[in-house]
Structure formats: structure tokens, C-alpha cells
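Here is the structure we will look at, set down as C-alpha cells.
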């Protein structure tokens, strides 16, 4: 009798991309009716493994079995036929289509090729009611909230009667409360007999909702454990391979004078008619790390763009070291002492097709030491770049002449950090500086930030990871829908409290932070 | 952002790029030969294979391959004279490519440049070097217009350039014709006045080359073109200006972050491209190679579009453009020397077109030449969450819209 | 009167070709080669007219020539599809190459028909295409055009095919993840644009005149059609109105000599310029809110397949 204990088995899966083994002999077994977490750092191979299961990629080696029988999954249609569905990390929704069209895309009810939308609508409304997933069928994706978009993705799976549901990092865009709701929904699914695979790098969520955990590290499977028999620390050690110091070493300092002053700043939004940033005022002083916390999409990006000069504000003033830079160009702000580590290192931070040294002088190439009469002084540029590489441990194939595209993400980020810190700015603006990096690089960048703060610089940090926010910052400002809704000291607050403010459930006035007396 | 490099921006391993270009040329010529054979067969149905091949070879392919050397020295002179403006239009398109823009308007800028040159020569009676400047200015203005449309209104430069190509052509023809009595127009010959006989000061000197090649249109234009190519090469790779333009071409957002004004860069780049094309027209018409026929010029000057082939073949490298321009003018002259009773000269245009088509995916040849699909890009550090690895530039975890 | 005749004629041409561009771009492929496809379609269709023996019935003439025009458009556009989709080439460069190639090819082939002279002109009779309805001269493409317009609207918005096609141009990864073959769909998009473009080219030349010099290709109509498509914001209904609007300008050039405009004494070239100038003005005003299919122009790479 075939052993049907496992509804899905992925045995000895190996998946390679040019130059890297994303999955190396990985085995994962999913029991029917369980919530099984797949844990690993960025780059560990979790998403690749699930993409193999969903038919987006094919493994070079290994076998997939359903209910004990080997199966071949060559494309998402095959996966769907096997009742496997996936909610992706980056939603795969067509923005200008309606909710209904997105749900039925690829599985449209049709007669002679003509879509029968009324049939589809009925079924969707039924499902929506049954699972309490509230959606508006005729709304366009570009007009609805992120929470509803995720519900649309889930309905896509339910519409196709999927029994095996894969969730890829579903909580990145949710508030702590919405995360709890999602977990309730997942438990509801398992009570019905559906099985869930849940990819994440967040340890607490795993402890809260999963039955078992499989840990991946650098493409290899480290092991599978029962959640009830493990701890956050143990999982973390499995994930990283060594005991991890989850706290950042930080001495207490006394902040100095105001370096960055923001008063009544209002920034319009490109995506909708309301303002993205509404009448915000705050200060950052020398020798302190101020962190802007909040769920993605609440105006943090627009605020930073306005500060750096990439976008124009519609009202308000920005002062840097006493100078009004509200209308200054990007170049001038840089010269006045602002450095900016951008959120999107590929879009703003680097010219990928330039070499490392060309990127190192990205903002400074006009300075007299790097050019004479318009001609680039290649020697000086090379020396400068070499120094930064050595000082900040930026690793690359051919040193200064490496084309940046060929470098790893961590080293690309280190190069940007090196460049921005070496400018010796009075204000360092760092947006998501550790996103997508491995633990080693994260530790390194945190150390650099603290070092700058100890040297008396002002640092404005924007982060979506509450752990980072709590560990690194001296002061936390929570942003919600374009406004500052609370100010906190990380020593006296909790992630739950922050979560309430981030979701807009509470708010309180900010204290006045003037110059130190 | 695309993951692999665009064929327009060039760069990458120099040898591989040259190799890929050679492959394009070889395949283009091969197709040309097949075409000639096909024509030969259609014209002489029923003849033996050998006859078809030899006819195609002797009267068709041989002239093309030999190009200017087919009827030396006059044809060599013609080839050189034709190469000069082609180098310029190649530089025009190539320079724009470097900045990330596709200047398909080179033909229109060339037309305006021709107008400028002839106007300065015939109406203003200026010496040749001043006429060249005039030609460049007209070309620059015509190039700047699509640049402005793109910078301020975000209209794609291909569409606006094409529109202005036609607007320019019609405008220039109208003005030159002047209702049959325009001051620039010689109604008896239905073309503009002959410069050499009437305005000799406006003709570019030939310093003896004319006698050497038995063709007075072979002037120092070619040397001027080469000089400009060298200047452009230096500007692109060694100046801060070139650094800024290339940064804009590779990544507009990062350029903005670096403090570079995108609008300024786009407009300047198109302006310079236009000037280069206009200068090319000046070189051609001020060498008195030919006159302008307003009533018969119903199509845009081919040299403007051949410039695209030239730029692509050379991967937008200014020095390479010198050589690829010589090659294209080589086969074009060769085409005109074919026995036109059997084969139409447009065969050279067909070969040119095929080469451009091949260049569109020249990168494929590069990767094939460098050995089995070893892509030069980094392994994705986080093999794309749910995205195929092609979407480089996506930081894992970031939102899809920007 | 004449203005209406020419306006309708050009409107149908612009509309057909713009619809073609629409199908292609909705699937994600920018099709700059429409100019060349029109030229080829016109050439092949006319070639059929020239070689068909005298005395063939009108319906056969119509069927064969229009069919040939469409078919040749499909075959020629396959070159663009192959380069852009399978080889992931730069679509603008590929399209430009095909335009240049088309004009050269057309000249060569046209010359072949005129073995005596060197001209690239072809002459034919366009009688089978013209009808007289109550004093107004229309051509068959008016009916064909409207029929294809309605068919296009239906296919695009009410069928499975249309929904999937549009998904490929907006978010190919989403389409891929629900099992749609993006490459497949894009091929369809380009081939359909080839069909419509080929017919459009034929419709441009034949009803208006009885002889055509292929050295000029189609004199920029293919690009005007792209402007129509952008102005129509990639929606067939709006494209119809945009086409009518632009067609008026184009028609003015034809009647400049014979009507009241002659009194103005402007040279003919001014009228030739007008459609292009009008395009630029319209584009200038509408570009801010222009919303092209999101993923167009970006070659789709499935990754490891």
C-alpha cells in the first residue's frame, strides 16, 4: 500500500542557474492538512524550490511525488492540474484588469472562446463569502489596497480548487494585525483539509502558525523540525549556520545639535490624487540614528525622494546644517553634506554597466581632484576607488575595473555604503540598506552606521524590518499614510506597540526635539 | 531594465563585439549572394546552375565585394567621397545610442544640413568652412527638436524623429523649389545651382586628391570626417561630459541620483547628433558630389538610414564607425557598379538592411562565440522569488511599481 | 465630395494599420515595421493584380489580391516576431531593419516587372475596388475596415484570446504564472498586425491611384498609423476616431489643387506636411496621460527553459 502520509514530496531536488546551484539535493515533505514553513535567508533557495513545485522551473535532478505517485510538473498548468496553487511574493496581477479578470485569467469559463463573465462572477462571490475574503470584483487592481490585492491572489488559487497552497513571503506587505488575520485564514484552510507551504525568513511567524519547519541554507537542506520542539534561537542558528547575535553592539550617546530640519513637508503622490507626505515635521540631530518605521507604501519613499532632491515637494522646508536646501539641486544637497543610500540600489544607486571605479565617483566626478578642464583624471579615480575597496572590504572579480553588474548584491551595497560614508556627510540617509543581504553583510552595515553615529554624524534610517528598527535606532518615528503618528524610544517600546501605530490604529503627538541644552 | 546589454550601447568584450560584427557581415553578404542568384535565375529560367552562379558572381557579387576597387581609380574616389558623409551619420546615430537614444532622425537632420550648406553657399556666398558650420547648425536645430519633445513631454524620440524627417523633407523641398523660381533653384536643370562652377569658394578643397582619383568630388572631406570621429571618441570616453551622457544612456535614474540633469543631457545629445548629421550633409554637398533635386527627392536620403547600419556594426564605437562606414560605402558603390541590366543597385540596400536586422540580435552571436551560453552576468544573488532571473534590477522584496 | 472620399479612404488605412499595431503592442511587441509591412502588402497585392489574366471575375480579383496582401504581411511580420520573441532582439532596431529592407525589396521586385525601363512603377486597374453609392465614391475597404474593426473589438475584449493577449503585454510574468504561453501569444499578436498591416498597405495604394512608384514605400503612412494608435490610447474604438481625424489632414493634400484650397496658393508640400505636424501637436498634448501596455518593448525571458 502506498504511503499516503505525505501529500507532496520533493525528493533530492537540484536546480541550477548559470554559475550557482540554487537548490542542492533538497528534500521537502508536506503532510496533508499541515502548515509547513520553509525558512532560509535571502538567497537560500526557498523561492526557487517552490517555483520548481509550481512548474515555473524544472529541476535538473530529483523527483516530485503527489500522494506517493511520481509526477512531472512542466508548467503552471500541470501544477494546477495537480491542485497546486501559489501566492507570489511580488503579486502577479495585471494592474489595468479588474479583480474578476485577474482571478479568471488562464482559467476563463468560455463558450466558443467567448468569456462567460457572469458565471465567473457568481463563483468568485461564493468563494469570497465562504472564506471571508472581501473583494470588489469590478475594481481595477491599480485602485485597490495591497491587502485586497493579496486576497485576489488567494482567490486565484481557490477559484481553481487548489488543495495545496504555497505562500511566498506573504507578510512583507502586511501590518501585524493583518498578519494575524492571514494566519487565521491559513488555519481555516487546513481545517478543511488543504495543505499549506509557507515561505518566510521571519522566525516569529513560524513559531506562531506552522506545524513543521524545513530550513534551507545556501541551497542545501539543513533539516526539518517540528515547530513545537524548537525555538527561535535554534531556528536562527540553523538558518545561518552559527550562533547569531541578534542585538547590535551600541553604546549610549548624547545627541548634539539639529542637523536635518524638516518643517511642514508635503509631497504629492505619483500614483493617486492624495498627497503621499502630509505636512510632516521632524528633526535629526548629530550623533543619533533616527528610524522611520512603517509599512511599505505609507510615504516613506516620497519623503526620502523629497529630502534627496529626486522629487519636488509641494510645500514645506528642509534645512541642512542651518542652510535651507528646499529648492537646492541634488548636487548642491550632496555638497552641503547629505549622503543618500537609496532603497533601490539597481535603479538609483549604481550604473550597473559602469565599472566599480566609475561608480565610486558617481556623485563626485566633477570635483577638481577627479577632473581637469572636463577631462577625467583616471589615475586619481583609480587610487580613490582602490582605497575604498580596501577600506570597506568590497569584493569583486577584477577590483576597480570590475563591471558592477557582475558583483554580488552584498558587495554592490557595500560599494554604495563605502561611497556615501566616505563623503563624510553630516547627514546620512539610508533607506533599507540591508534588504536582500545575508547576515554577514547586514552585521557589517549596521556596524558602519553605528560607527558614523558615534563619530557625531546624523543618520536617518528607513527600514521595513522591525528587528532592524528596534536594534539599530536611537529614536523611532512611525509613518502612516503620509503622517508621523508616533515617536518612540526602542528601549521602552515593543514591536506589537509599533505595529498598532504602523497600522494606524493609534497615534500620538511628537515631542519637540530642539537643540541640546 | 533588460538584463543583457543592448546592442546599441555596445561595450563589453571588444574582440567579441568585432567578431559578432563580422558574423553579421558574412551572413549579410551570404544572403545578398543568394538574392543575386535568385534574380539571376528568375531572369534566365532554365539555365544551368553553373550559369546562374557565374552570372551572379561576375556581374553582381564581384562588383559588390570589390566595391570601389572595381573601376579604379574613379570608383575608389567615389567610395571615399561617399564614406565621409556616412561616417558622420554613423557618428550621429552612434553618439545618440551611447546616450540611450535612437536617432532615427539622422536622415531629416541630414536634409536640413544639406539645406544649410547650400543656403550658405548659394545665398550667402560664404567660404566652405563657414558653410560647414551652417550645415551643422541647421542639423543641430533639427536634432534638438525631438530631444526637447522627449525631455519635456516624454514623447519617444523614434516617433517624433520620424515625423520631423518627413516635415523636414517637405519643408526643404518647398523652400528650395520656391515655386519654380526659388533663388537656389536652377530651373533649367531641375536641381540646385552647381557649386563648383558658380560658387567655387564654397567647395571643400581637395588638395590634389581630386587629380589622384580622377574625381574632383574626392576632397579632404574624408579627413574632416575622420578627425571628427576622433574628437567624438575622446569626448565619449575621456571627458566628464561623455561620462554623464553614457550614465544617462545606461541608467537614467542613477544619472539623476548622481546630479546629472536628464533633460539637459537628452537635448544636448540629440543636438550634437543632429549637428553631426548636418555636418555630414555639408561634407557631401560642399564637395559638389551632386546637387539637390527638390522635385525628385520624394524619399529621405538613404545615407541617413545607412548610418544606423554603420553605428550598429561598430557597436557605436567612433573609431569602429570609420571602418564600418567604409565597408557600407564599399558595398554601396559596388552595388551601383553592378551591371544594372541584370541587377538593380538596391541589392546593396538589401544587404545593408539584412545587416541591421542581424545586428538587432548581435548579442546572440557574442554569447555563441564566447562559448556555450556562459552569460556574463552575475548569478542572481537571490534566485528570483517568483520572477524569472531575467528581471535584473529587481531587488527582492521591492514593490513592482515605481 | 472628394474630401469625404479621400478622408474615408485614408481613415480606413490608418485605422487598419493602427489596429494591427494595437494587437502587436497589446501582446508586448513594439511594431515599428508597420511601414515596411504595408509596403510589402501593397507590393504583393498589386503584383497579383498585374499578373492576373484579363477577364478574371471581380470577386476572384478581390479575393486573391487582398488575400495575398494579408498573407504577405503575415509572412513578413514573422521576421519581426522571430527576431523579437525567439531571439529577444531589440524591437526598434529590428523593426527599422525590416522597414529599410522592405523598401529595397519592393523596388527590386517592382523593377523586375518592368524589364524594359528602369522604373519601379507598377500600373493596374482599380475598378473592381471602387463602388458608387448615391453619388459618393467609396471603395471596398470601407466595408472591410468596419468589419475588421468590429471583429477586433470583439476579440480583444470579449474572448479568452483577447484577455490573454493583453495580459502578455501588461504583465507577462502574471500570464506565465497562470500557464499562458507568452511566446505563443506574442507571435499571434505580431502575425495579426502583419495581416492588418499588409491589407492596410494595399488599401492605401490601390483605391486612390492606378499607378504607384515603389521607391517611396508608403510615404510615412505606417508611422502616421503608429501616431493614430498612440492617440487612440490602444483602444480600437478611439483609434477609429483618431484615424478619421488624421485622415482629414491627409486628404487635404489630395484635393489641394482642385478645390477652394487652390485659391490659397499654398504649395502642395505644405499639405503633405500637415498630417505629420498635426501628429506632433496631438502627441504633445496627450503624452502626459499616455498609457502604453506596461510590458511592451521588453523581451520576455522565461529564465531557465
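Observations, loosely collected:
- Scoring residue B:206 on the criteria (1) out of contact with any helix residue (DSSP H, G or I) (no Cβ under 7 Å at 6 or more places or on another chain); (2) within 30 Å of residue B:79 (Cβ to Cβ); (3) within 14 Å of chain A (Cβ to nearest Cβ); (4) buried (at least 16 other Cβ atoms within 10 Å of the Cβ) leaves a single failure, condition (3).
- Qualifying residue in the range A:1-24 (condition: assigned to a helix (DSSP H, G or I), within 15 Å of residue A:215 (Cα to Cα), touching a residue at least 40 places away in the same chain (Cβ under 8 Å) and within 13 Å of chain C (Cβ to nearest Cβ)): no
- The set of residues in the range C:77-91 that are closer than 21 Å to residue B:306 by Cβ and under 17 Å from the mean Cα position of the chain (by Cα) comprises C:79, C:80.
- Test for residue A:164: is it modelled with pLDDT of 90 or more, more than 25 Å from the chain's Cα centre (by Cα) and over 22 Å from residue A:197 (Cβ atoms): no
- Restricting the range A:190-204 to residues that are surrounded by fewer than 20 Cβ atoms within 10 Å (Cβ to Cβ) and in a helix (DSSP H, G or I), the residue that is farthest from the chain's Cα centre (by Cα) is A:191.
- Residue identified as away from chain B (no Cβ under 11 Å), surrounded by fewer than 22 Cβ atoms within 10 Å (Cβ to Cβ) and modelled with pLDDT of 85 or more among C:78, C:127: C:78
- Elements of type strands (runs of 3 or more DSSP E) in the range A:245-344, at least 1 residues being within 14 Å of chain B (Cβ to nearest Cβ), within 25 Å of residue A:414 (Cα to Cα) and under 26 Å from the mean Cα position of the chain (by Cα): A:338-341
- Matching entry among B:87, B:104 (being outside any helix (DSSP H, G or I) and buried (at least 24 other Cβ atoms within 10 Å of the Cβ)): B:104
- Only one of the listed residues (C:189, C:201) is at pLDDT 90 or above, under 21 Å from the mean Cα position of the chain (by Cα), away from every other protein chain (no Cβ under 12 Å) and over 27 Å from residue B:295 (Cβ atoms). That residue is C:189.
- Subset of the range C:198-209 [surrounded by fewer than 22 Cβ atoms within 10 Å (Cβ to Cβ) and in contact with a helix residue (DSSP H, G or I) (Cβ under 9 Å, 6 or more places away or on another chain)]: C:208
- Every test in (1) farther than 30 Å from residue A:322 by Cβ; (2) in contact (Cβ under 8 Å) with a residue 40 or more places away in the chain is passed by residue A:421 save one, and that test is (1).
- All of B:162, B:175, B:155, B:167 fail the test of being at the interface with chain C (Cβ under 10 Å from one of its Cβ atoms), modelled with pLDDT of 90 or more and touching a helix residue (DSSP H, G or I) at 6+ places or on another chain (Cβ under 8 Å), apart from B:167.
- Scanning the range B:28-55 for residues that are over 23 Å from the mean Cα position of the chain (by Cα), assigned to a helix (DSSP H, G or I) and free of Cβ contacts under 8 Å to residues at least 60 places away in the same chain gives B:33, B:34, B:37, B:38, B:41, B:42, B:49, B:50, B:51, B:52, B:53, B:54.
- Considering residues of the range C:99-118 that are more than 7 Å from chain B (Cβ to nearest Cβ) and touching a residue at least 40 places away in the same chain (Cβ under 8 Å) only, the residue farthest from residue B:340 (Cα to Cα): C:99
- Hits in the range B:209-221 - residues which are in contact with a helix residue (DSSP H, G or I) (Cβ under 6 Å, 6 or more places away or on another chain) and modelled with pLDDT under 75: B:213, B:214, B:215, B:216, B:217
- Residue in the range C:159-167 that is within 14 Å of chain A (Cβ to nearest Cβ), surrounded by 21 or more Cβ atoms within 10 Å (Cβ to Cβ), more than 30 Å from residue B:347 (Cα to Cα) and within 21 Å of the chain's Cα centre (by Cα) present: yes
- Residue within the range B:244-251 that is more than 11 Å from every other protein chain (Cβ to nearest Cβ), in contact with a helix residue (DSSP H, G or I) (Cβ under 7 Å, 6 or more places away or on another chain) and under 16 Å from residue B:95 (Cβ atoms) present: yes
- Within the range B:221-240, the set of residues being free of Cβ contacts under 8 Å to residues at least 24 places away in the same chain and part of a helix (DSSP H, G or I) comprises B:223, B:227, B:231, B:234, B:235, B:237, B:238, B:240.
- Of all residues in the range C:259-269, one or more are modelled with pLDDT of 75 or more and within 9 Å of another protein chain (Cβ to nearest Cβ).
- So residue B:270, is it farther than 25 Å from residue B:67 by Cα and surrounded by fewer than 24 Cβ atoms within 10 Å (Cβ to Cβ): no
- Residue among B:230, B:224 that alone is away from chain C (no Cβ under 14 Å), under 30 Å from residue B:262 (Cα atoms) and modelled with pLDDT of 90 or more: B:230
- When A:436, A:486, A:409 are checked against the criterion of being surrounded by fewer than 24 Cβ atoms within 10 Å (Cβ to Cβ), in contact with a helix residue (DSSP H, G or I) (Cβ under 8 Å, 6 or more places away or on another chain) and without any contact (Cβ under 8 Å) to a residue 40 or more places away in the chain, A:486 stands alone in meeting it.
- Qualifying residue in the range B:146-154 (condition: free of Cβ contacts under 8 Å to residues at least 24 places away in the same chain and closer than 27 Å to residue B:360 by Cβ): yes
- Filtered residues of the range C:28-87 (kept if touching a residue at least 24 places away in the same chain (Cβ under 8 Å) and at positive phi): C:28
- Of the set (1) touching a residue at least 60 places away in the same chain (Cβ under 8 Å); (2) closer than 26 Å to residue A:238 by Cβ, all apply to residue A:91 but (2).
The values are calculated or read from the model by the stated rules, or taken from the named source; none is laboratory data. Note that the structure is a prediction, hence the values are computed from the model and not measured. With ideal geometry, Cβ positions are generated from the backbone for all residues, glycine too; neighbour counts draw on all protein chains shown.
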